[in-house]
There are 2 protein chains.
Amino acid sequence: MVERLRGFRDFYPEEQEIRRVIFNTMKERCRSFGFKEIDGPSIESMQLYSHKVGQQITTQMFSFKDKGGRDVTLIPEFTPSLSRMVSTRKDLVKPLKWYSLTKFWRYEEPQSGRFREFYQLNADILGSESYLADAEVTTLAADILTSLGISSKVKLRVNSRILMDSIIERFLENKKEESYFILDGWNKYTDEERMKVAEEKKLDIDTLKLIASGNILKEYSSPELDKLKMTIELIKNYGGIDVELDLRVVRGLAYYTGFVFEAWDKEEKMRAILGGGRYDNIISQLGGDRTPAVGFAIGDAVIENIMKHEGLWVRKQDRSVFIATIDKKGIDYSILVAKKLRDLGVNSDKNVVERGISKQLEYAAKMGYERVIILGENEFVRKSVVVKNLTSGKQEEIKIDHLEDIVN
Amino acid sequence: MVERLRGFRDFYPEEQEIRRVIFNTMKERCRSFGFKEIDGPSIESMQLYSHKVGQQITTQMFSFKDKGGRDVTLIPEFTPSLSRMVSTRKDLVKPLKWYSLTKFWRYEEPQSGRFREFYQLNADILGSESYLADAEVTTLAADILTSLGISSKVKLRVNSRILMDSIIERFLENKKEESYFILDGWNKYTDEERMKVAEEKKLDIDTLKLIASGNILKEYSSPELDKLKMTIELIKNYGGIDVELDLRVVRGLAYYTGFVFEAWDKEEKMRAILGGGRYDNIISQLGGDRTPAVGFAIGDAVIENIMKHEGLWVRKQDRSVFIATIDKKGIDYSILVAKKLRDLGVNSDKNVVERGISKQLEYAAKMGYERVIILGENEFVRKSVVVKNLTSGKQEEIKIDHLEDIVN
């Protein structure tokens, strides 16, 4: 048998059931915040990424010529498609609050938490430059982390690129690129390494330390800092998650223009769990009208990692039963019984092999069912079902008119 | 702005909301029948399709060399991946009842109901050769059509390839390929064209007519026919949908080995809405252990077509509200109110632009919200909210402790 490609994943029922519930939870939380779902193509013209030429991402794309000779690519991220969708329709009432949960592809070296194919939730507000929008997307992110049960294990680190730019202008001779480089990697380095990098980049290490620790803000004030503090206050009002202003959070240099944020495990041992921020220039760079935008993305692999780490990656119990059939009358009768069970919200997995009752019970046990409903001519005549508990071995007869007893 | 590729689709919220509900319904119905969800890669090695060489599908694949020089392809159908998944894990307890709802890609000429990228639900039972499995997948298909509200507009046409083979052997000199060709296209031809094709293929037109009409069965009996009748009886027991034995339904020649079925609109004006059947040889052809299998597939585009035709492609009303905020106190207060609303299952779209109340009401109306919750210092102090109905213009004050009144 031909093998699966490297960096790709199969999801068998036991894993997929967990994923399905988690994906649904994330989507449901987005909708509860008034975000609407969108969906788009998995393949786009390479031209849509021409502004990225020279950046690492273009070397990591699954790009190819289609049968019509077009240069196309599997999408490596959402923003270009989102920008296209926003710009194509002139009738859209803004601000838009949109989310999507779709697949992306990057030809990277697979490692823990990184695959060549992955799912990512994207949630964005388009058409508002207010701090209210910054707070709203961040609160949604906090709410999703809460609904996944991990909010107490993580913290939100927020910052502003405008604030950072003015700090770097004032205290670090406006050496933005160099300063962002060292602040972004701050935790990866030892004290010694930081000094070495600072020397190389000709940056004052003491100033950098004042920034990284946040102490520089003690003697600093600006309207942007006030706005950021208001944003943080709103997110904190939502509650249940730690929120910190952290000047080391800068994120992608060419992308973000204002508010930025990340979620990290409190020990900062893993990679960022999610990240986002304000990107007011991207849509116009892509050829659309200038549209202020703020959003975040969260990938499936990192969620799986942290939830497994916290022991939360477990299947929810459902109310499924297995229906075993003894004879032809039982088979006919099972259609009615299964229908009634479904109407009661009970999933029923009916026997589909011609085999005896003991083989059927054996199968049900192997499949992990706790209860089996047994049907034969006897039950049909008596308008009842026999419910056998596979754990206790006990069985009882329930009248078909009282089938709802099975739910309780 | 760079354009979307031909044959691909964007789904904006108004469409996506309908699609999301329909997709969820289909998946939920599968689970209610005891089918478990699986998911797999969108890209597979070309080798996985080597048994298809020479068939049309290989000319329609989005295939390319990846950055590692591998010949890969976007998946054009599900069975090869499914076969790989079944064969890789030796510990699986069979029969398996699996479904998936994922994207597929084919480089075909786009037309009504056909796109280069589409979603398809696949549901399969693997590891049972019983007619019970045939009936179970067909009943699931019937149940899905019922849940979409279209079961009264469609009919199921079922047949058996084993039955057909023996009829063709006995009555049409065993000319299988020729007979299947003309029966498969029966409805596309006029009476005259049929005669011409029959002549070309050296087939007796009167015998063909006896087969196409089903009249040949009047003087025919076989164990396979008896089994097929039992299958049909079980599907009919489920009820609510027409089921017919139809000897013109033969489906893909190289694929199916026994039971086959399709769903058609009653007037047979559109293409088949869904189709499936038994494919006992495919998994072993792909290099796995011999595994009897039966299943069906249903695409998103044809569902959309028939539901639009029946006027069923409409958004479900939801209980979303817009939250307008008058002042800073209202903004702070809105976090609590939104949280309480979400807990009540009401989606709340909060204002995220710094603008006056009339602009906010205007926006809410344009977005289609029927109700707006207005919050300011006044409401905060009085521990209440003002609910304004945008249709009637009426507004009322509700205490925050009685917010559940909004649900009713």
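The values are calculated or read from the model by the stated rules, or taken from the named source; none is laboratory data. Owing to the predicted nature of the structure, the values given are computational and were not obtained by experimental measurement. Backbone-built Cβ (ideal geometry, glycine too); neighbour counts: all protein chains shown. All accessible areas refer to the heavy atoms of the entire protein, side chains included, with ligands and DNA or RNA removed. Shrake-Rupley method; radii C 1.70, N 1.55, O 1.52, S 1.80 Å.
Worth pointing out:
- Close pairs from the range B:220-246: first farther than 15 Å from B:Ala263 by Cβ, partner open to solvent by 70 Å² or more (accessible area, probe 1.4 Å), Cβ under 8 Å, at least 6 apart: B:Glu224/B:Ile162; B:Asn237/A:Leu336
- Of all the numbered requirements in (1) modelled with pLDDT under 95; (2) within 14 Å of another protein chain (Cβ to nearest Cβ), B:Lys266 misses one, and that requirement is (2).
- Residue list for the range A:256-270, restricted to those being surrounded by fewer than 17 Cβ atoms within 10 Å (Cβ to Cβ) and touching a helix residue (DSSP H, G or I) at 6+ places or on another chain (Cβ under 8 Å): A:Lys266, A:Glu268, A:Met270
- Of all residues making up the range B:140-163, the number that are open to solvent by 10 Å² or more (accessible area, probe 1.4 Å) and either more than 19 Å from the chain's Cα centre (by Cα) or among the polar types (S, T, N, Q) (or both): 6
- Test set (1) of a type outside the set (Val, Ile, Thr); (2) outside any loop (DSSP other than H, G, I, E, B); (3) at pLDDT below 95 - B:Gly368 fails condition number: (2)
- Looking across the range A:329-344, the residues that are hydrophobic (A, V, I, L, M, F, W, C) and either at the interface with chain B (Cβ under 7 Å from one of its Cβ atoms) or part of a helix (DSSP H, G or I) (or both) come down to A:Ile331, A:Ile335, A:Leu336, A:Val337, A:Ala338, A:Leu341.
- Complete set of residues in the range A:324-376 that are open to solvent by less than 50 Å² (accessible area, probe 1.4 Å), over 19 Å from A:Ile406 (Cα atoms) and hydroxyl-bearing (Ser, Thr, Tyr): A:Tyr363
- Residue match in the range A:275-287 (condition: outside any helix (DSSP H, G or I), touching a helix residue (DSSP H, G or I) at 6+ places or on another chain (Cβ under 8 Å), open to solvent by 40 Å² or more (accessible area, probe 1.4 Å) and at pLDDT below 95): yes
- Test set (1) open to solvent by less than 10 Å² (accessible area, probe 1.4 Å); (2) assigned to a helix (DSSP H, G or I); (3) under 24 Å from B:Gly185 (Cβ atoms) - B:Asn305 fails condition number: (1)
- Among residues of the range A:218-242 being out of contact with any Phe, Trp or Tyr (no Cβ under 9 Å at 6 or more places or on another chain) and aliphatic (A, V, I, L, M), the one that is surrounded by the fewest Cβ atoms within 10 Å (Cβ to Cβ) is A:Leu225.
- If you filter the range A:68-87 down to residues that are part of a loop (DSSP other than H, G, I, E, B) and in contact (Cβ under 8 Å) with a residue 24 or more places away in the chain, you find that the one that is farthest from the other protein chains (Cβ to nearest Cβ) is A:Glu77.
- Which numbered condition B:Lys90 misses (of (1) facing chain A (nearest Cβ under 10 Å); (2) at pLDDT below 95): (1)
- Among the residues making up the range B:243-254, a single one is surrounded by 17 or more Cβ atoms within 10 Å (Cβ to Cβ), modelled with pLDDT under 95 and not charged (D, E, K, R): B:Val250.
- Of all residues in the range B:383-392, those that are touching a helix residue (DSSP H, G or I) at 6+ places or on another chain (Cβ under 9 Å) and either open to solvent by 40 Å² or more (accessible area, probe 1.4 Å) or at the interface with chain A (Cβ under 10 Å from one of its Cβ atoms) (or both) total 3.
- When each of B:Glu136, B:Glu108 is tested for being touching a residue at least 60 places away in the same chain (Cβ under 8 Å) and part of a loop (DSSP other than H, G, I, E, B), the lone residue that passes is B:Glu108.
- Complete set of residues in the range A:172-217 that are open to solvent by 30 Å² or more (accessible area, probe 1.4 Å) and not in a helix (DSSP H, G or I): A:Glu173, A:Asn174, A:Lys175, A:Tyr189, A:Thr190, A:Lys201, A:Lys202, A:Asp204
- Among the residues of the range A:111-133, the one identified as more than 8 Å from chain B (Cβ to nearest Cβ) and free of Cβ contacts under 8 Å to residues at least 60 places away in the same chain is A:Gln111.
This table checks each residue for (1) under 23 Å from B:Ile75 (Cβ atoms); (2) in a loop (DSSP other than H, G, I, E, B); (3) more than 7 Å from chain B (Cβ to nearest Cβ); (4) more than 13 Å from the chain's Cα centre (by Cα).
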site	(1), (2), (3), (4)
A:Gly7	yes, yes, yes, yes
A:Gln16	yes, no, no, yes
A:Val21	no, no, yes, no
A:Asn24	no, no, yes, no
A:Lys27	no, no, yes, no
A:Arg31	no, no, no, yes
A:Pro41	yes, yes, no, yes
A:Gln47	no, no, no, yes
A:Ser50	no, no, yes, yes
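Every residue, every condition in (1) basic (Lys, Arg); (2) in contact with a helix residue (DSSP H, G or I) (Cβ under 8 Å, 6 or more places away or on another chain), yes or no:
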| site | (1), (2) |
| --- | --- |
| B:Ile144 | no, yes |
| B:Ser152 | no, no |
| B:Leu163 | no, yes |
| B:Ile168 | no, yes |
| B:Lys176 | yes, yes |
| B:Tyr180 | no, yes |
| B:Thr190 | no, no |
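- Taking the criterion of being part of a strand (DSSP E or B) and either within 18 Å of B:Leu140 (Cβ to Cβ) or β-branched (Val, Ile, Thr) (or both), the residues of the range A:313-328 that qualify are A:Val321, A:Phe322, A:Ile323, A:Thr325.
- Subset of the range A:200-217 [more than 11 Å from A:Ile182 (Cα to Cα) and over 36 Å from the mean Cα position of the chain (by Cα)]: A:Lys202, A:Asp204, A:Asp206, A:Thr207
- Qualifying positions in the range B:102-117 - open to solvent by 30 Å² or more (accessible area, probe 1.4 Å) and closer than 22 Å to B:Pro80 by Cα: B:Arg106, B:Tyr107, B:Glu108, B:Arg114, B:Phe115
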